[in-house]
1. What number of residues within region 119-132 satisfy the criterion of being over 18 Å from the mean Cα position of the chain (by Cα) and either of a type in the set (Lys, Arg) or open to solvent by 30 Å² or more (accessible area, probe 1.4 Å) (or both)?
2. What number of residues within region 425-447 satisfy the criterion of being at pLDDT 90 or above, closer than 26 Å to LEU213 by Cβ and assigned to a loop (DSSP other than H, G, I, E, B)?
3. Hey, ALA201 hits all of (1) within 20 Å of GLY133 (Cα to Cα); (2) outside any loop (DSSP other than H, G, I, E, B) but one; which does it fall short on?
4. Those residues that are in contact with a helix residue (DSSP H, G or I) (Cβ under 8 Å, 6 or more places away or on another chain) and within 28 Å of LEU398 (Cα to Cα), I need them from region 131-168; list them, please.
5. For a quick check of your reading: which strands (runs of 3 or more DSSP E) sit entirely within region 128-170 and have at least 3 residues that are in contact (Cβ under 8 Å) with a residue 40 or more places away in the chain?
6. Consider THR257 carefully, then state whether it is under 36 Å from the mean Cα position of the chain (by Cα) and among the β-branched types (Val, Ile, Thr).
7. Could you please find all residues in region 93-124 being among the charged types (D, E, K, R) and either in a loop (DSSP other than H, G, I, E, B) or under 17 Å from ARG506 (Cβ atoms) (or both)?
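The values are calculated or read from the model by the stated rules, or taken from the named source; none is laboratory data. Given the structure is predicted, the values throughout are model-derived calculations rather than measurements. Positions of Cβ are generated from backbone atoms using ideal geometry, with glycine treated the same way; all protein chains shown enter the neighbour counts. What goes into the accessible areas is simple: the full protein's heavy atoms, side chains included, and nothing from ligands, DNA or RNA. Shrake-Rupley method; radii C 1.70, N 1.55, O 1.52, S 1.80 Å.
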Amino acid sequence: MMDMDFTAAIVTAPAVVPLAALAAGAAGAVLYGRKRKWIDAALIVAASASLAVALADIRLPQAGDNIVAVATDASGGIGEASLLAISRAQSIALSGDGLREAEWRDLPARRVQWKPAAADLLWLDFPRSMSLGRIFTLTVRRGQAQSGWRLQLLAENKQVLADSQIAATATSQLSVQWLPPVAEAMVLQARLLDGAGKVIAQGPVPLQVKDALPLQIQGRFDAPSFDARALNQLLADGSAILDWNVTLGKAVARSETARAPLTAPNAMFVDAAYVEHMNPSARSALLAQTRQGVPLVVLGSNAADAGMWQREFGLRLRPQSVTTEKEDTRQFTVAGAALAMPPAGLNPDDNAAAPWSVVARDGKKLPWLWQRDLQQGRVVWVGVSDWHRYAISSPQALALWWQGAMDSIALASVQKTGWQMADPMPLPGLRSEICAQGVKTGTVLDVAGAAPLQLQPRADKAEAACAALWPQKAGWMTFKAAGVAEQGMEYVYARTDWPAWQKALRRDATTLYAARATNAEVEAAQPPSRPLPVAPFAVLFALSMLGLWWREQRR
């Protein structure tokens, strides 16, 4: 006797043929029943039912979970058989450090049973490309906090460029900074040393330094100052296109005409006196320009009319107390140099009320930069002064301080196209991805030494088109596409580079995959099942038909 749970069975085959067999059997049973031939009716019912069950692809639930064991080797490799087994399994019993994100992305979500072994992991964080004049920062994080280790940044000729010094206390993270002197593509080296000077880990750090696109700046000042002059010089040294005008007296002004047309000004710098001395119509025109998207940056050191700022800009200013002026001096540390700047005579509150907010604070957590949005643009208040004192004593530190201020103000050169590379560590033979911003769908991507690819839109990449590729060798990989002026470059690491970082990236990607599988278990394959055996029903059908034939022959 066969015990079957038909309520849990899954019928996967079309039901037309089995239903036809049942219908024919029911009709035959009715005809035999009308003649009172009950045994014949029972035989025809048994025959039709067994035939219908044999023809229907009935599957029964299989007890237990369909778990496949998957092992990844030290380099993150996995066999084709294991990849195929994952798609058919319900759960994965994983050993090793897992796979990279590009490999997990191609696999369906499956539950993961995984307990990684303890290991000394590394994570590296640094910009792959940057503009000339920016400080390069490399941060290395270890899996466990330790003391006595240090981080060094080396040039291509092994010269030490930056040294974090020995960590006196237990820490899991160290950083070094360096100012690139020229614009070029370079492969630096980073190494970790223990307290005895023994190398813990060492590997390449690729960096592409680009010439910065010049800013387009308008400057209008009603009171000459050394601060405005120092700012003008810093911008000019940075190749900014300047349209600069300073009122020196009632009928005397110093003007600097832009060397090229200002097609898309990045910002307009003014002193507070310039805004206060404007007539209402001119001030309205200035605000209208700001609303169109040109940031208005106000140097607040010579502000005098607090009522105007409250009335026209919604900015509440309070006088700086003479008794606390020294305590309120803003303190900055830039590239190892200490910069002290007194606050403006009138400044917003430390916790400015909406629509104004604090944008930046100094080393003592005192605010020095405020801003408010104004439709598509914004108004920024610079509440410190006397930075000109460092133009001679610490020119590099002053330039870097203003560079940080520009970043806080978010002044970016207009660049409608560009490259985007999100892969933290491209490797030969492993899928990577290159995206181009501002290009048309279907644009051909020419990769040196590889077949042309087409850039396609991605749902998670706004205003960008992407192409997948498999780098073939380590080193710099160059590519280009129509519509993107600059040639793209990406460094492909060797399989032996930074093994502890590779291991950490695989573990991070595997953790994310496990979370995705947990949140999307519906995506998993159908529950494991086994087909209902057909042979017993075929035998029952044959016996029933033979019995019916024998009874007919007897009559």
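1. First, the residues of region 119-132 that are over 18 Å from the mean Cα position of the chain (by Cα): 119-122, 131-132.
Imposing the further condition that a residue be either of a type in the set (Lys, Arg) or open to solvent by 30 Å² or more (accessible area, probe 1.4 Å) (or both) reduces the set to 119-120, 131-132.
Residues meeting the conditions: 4.
2. Residues flagged as at pLDDT 90 or above, closer than 26 Å to LEU213 by Cβ and assigned to a loop (DSSP other than H, G, I, E, B) within region 425-447 amount to 1.
3. (1)
4. Applying the first criterion (in contact with a helix residue (DSSP H, G or I) (Cβ under 8 Å, 6 or more places away or on another chain)) to region 131-168 yields 133-135, 143.
Result: GLY133, ARG134, ILE135.
5. Values: elements: 129-131, 136-146, 150-154, 160-163.
Ranges flagged: 129-131, 136-146, 150-154.
6. Details: under 36 Å from the mean Cα position of the chain (by Cα): no; among the β-branched types (Val, Ile, Thr): yes.
No; evaluated as a whole, the condition is false for this residue.
7. First, the residues of region 93-124 that are among the charged types (D, E, K, R): 97, 100-101, 103, 105-106, 110-111, 115, 120.
Correct list: ASP97, ARG100, GLU101, GLU103, ARG105, ASP106, ARG110, LYS115, ASP120.
Residues are listed down the side, and each one gets a yes or a no for (1) more than 30 Å from GLN376 (Cα to Cα); (2) open to solvent by less than 30 Å² (accessible area, probe 1.4 Å); (3) assigned to a loop (DSSP other than H, G, I, E, B); (4) in contact (Cβ under 8 Å) with a residue 40 or more places away in the chain:
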position: THR290; (1), (2), (3), (4): no, yes, no, yes
position: VAL294; (1), (2), (3), (4): no, yes, yes, yes
position: SER301; (1), (2), (3), (4): no, no, no, yes
position: ALA304; (1), (2), (3), (4): no, no, yes, yes
position: GLY307; (1), (2), (3), (4): no, no, no, no
position: LYS326; (1), (2), (3), (4): yes, no, yes, no
position: PHE332; (1), (2), (3), (4): yes, yes, no, yes
